[in-house]
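Some notes on the structure that comes next.
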Amino acid sequence: MKKSFVLIVLGILFTGMLCVSSRAQQPASVYFAVFEEMVSTADMAAFSKAQQEAVDLWKKHNFDLPIYCYSTDDNSFFWVMPMQNFASLDAMFEKSAAYMKKARELDGYDGSSFRDLSTTRFSYIRWMPDVSFHPDGKFGQTTDKKYMKWAFCYLKQGHEKEAAEAVKKYVDLYKKNGEKFDWDVYEVMMGNDTPAWVLAMPASDPVTLEQKESELNEKYKKELPDMWAEFAKHVRRIENKTGWFRQRWSINTGL
């Protein structure tokens, strides 16, 4: 498979982290195909130009797969595609191939503008509703909360059940006290360095999220240290990333 095919079509598919359109009920999609695309600082301008060209062609040819794009603060991009199940990947590949054929025949587009601009890695994730928290009943990406903070939690082998029980204590505490603080947890079912979870926390901006975290830490300073210590026993390491939802490079999201 050509690199251009992967970068233009599949590399375009990471979601929230991760996400589906905001609705006041449980999201229809529980599984997501996720692509992380890494770009060097020196190549960012060229990548942005090539990516915009690709997005313009998606819209021109009505590429009908939902794609959520996120940029991180360390020069990478997440492309998220909702899936009904693992078999949906076949349909994704088929539609992607048909689109590339049309773009090549009608526009002479072969994706060569992406050459040497990035590298990608793939994962397949599952939303975990029991350890996610949405007090207002809204799930997924919204236009008023485009800032994202992700915590990639790499668990100890066989500790998934205990880790889930620890996170449920946060859910119970915040639910009991009517706290307004959203997050989603995703299990990496296929990817690097598993078992792993992704915690996604949306906000309108970095300051708002930091203030809310500080407020909760102060309000529950008696409970949270012990709760964190309980969860941390089951974790090998945690990597944090921050970034933004890129609505301009997302398609068929309903936003």
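The values are calculated or read from the model by the stated rules, or taken from the named source; none is laboratory data. As the structure is a prediction and not an experimental result, all values here were calculated from the model. All Cβ positions, glycine included, derive from the backbone under ideal geometry; neighbour counts span all protein chains shown. The protein model used for the area step is the full one, side chains on, heavy atoms only, and it has no ligands, DNA or RNA in it. Shrake-Rupley method; radii C 1.70, N 1.55, O 1.52, S 1.80 Å.
Charge dipole (Cα centre; +1 on Lys/Arg Cβ, -1 on Asp/Glu Cβ; no other charges) of the chain amounts to roughly 260 debye. Per-residue ellipticity at 222 nm from helix content only, as computed over the chain with -39500 (n - 2.57) for each DSSP H run of at least four residues, stands at -10000 deg cm²/dmol. Length gained on full extension, Tyr220 to Lys156: 20.3 nm, using 0.36 nm per residue less the C-alpha separation. Residues in the range 150-164 carry Karplus couplings, in order, of 10, 10, 8, 9, 9, 8, 6, 4, x, 9, 4, 5, 5, 5, 5 Hz; the curve used is 6.51 cos²θ - 1.76 cosθ + 1.60 with θ = phi - 60°, and Gly or Pro positions show x. By the rule of a C-alpha distance below 20 Å, with chain neighbours fewer than 8 residues away ignored, the aspartates and glutamates paired with Lys176 are Asp130, Asp136, Glu165, Asp184, Glu213, Glu215, Glu218, Glu223, Asp226, Glu230.
Residues in the range 240-255 carry Karplus couplings, in order, of 9, 9, 10, x, 9, 6, 9, 5, 5, 9, 9, 9, 6, 9, x, 9 Hz; the curve used is 6.51 cos²θ - 1.76 cosθ + 1.60 with θ = phi - 60°, and Gly or Pro positions show x. Listed by chain and number, the lysines placed with their C-alpha closer than 16 angstrom to that of Lys161 are Lys169, Lys233; residues fewer than eight positions away on the same chain are left out. Solvent-accessible area of the chain (1.4 angstrom probe, protein heavy atoms only): carbon and sulfur portion equals 51 percent. Phi angles across the range 228-233 convert, under the Karplus curve 6.51 cos²θ - 1.76 cosθ + 1.60 with θ = phi - 60°, into 3J(HN,Hα) values of 5, 4, 5, 5, 4, 4 Hz, Gly and Pro given as x. Listed by chain and number, the aspartates and glutamates placed with their C-alpha closer than 14 angstrom to that of Lys60 are Glu105, Asp107; residues fewer than eight positions away on the same chain are left out. In the context of the full set of protein chains, the chain has a per residue accessible area of 49 Å² (1.4 Å probe).
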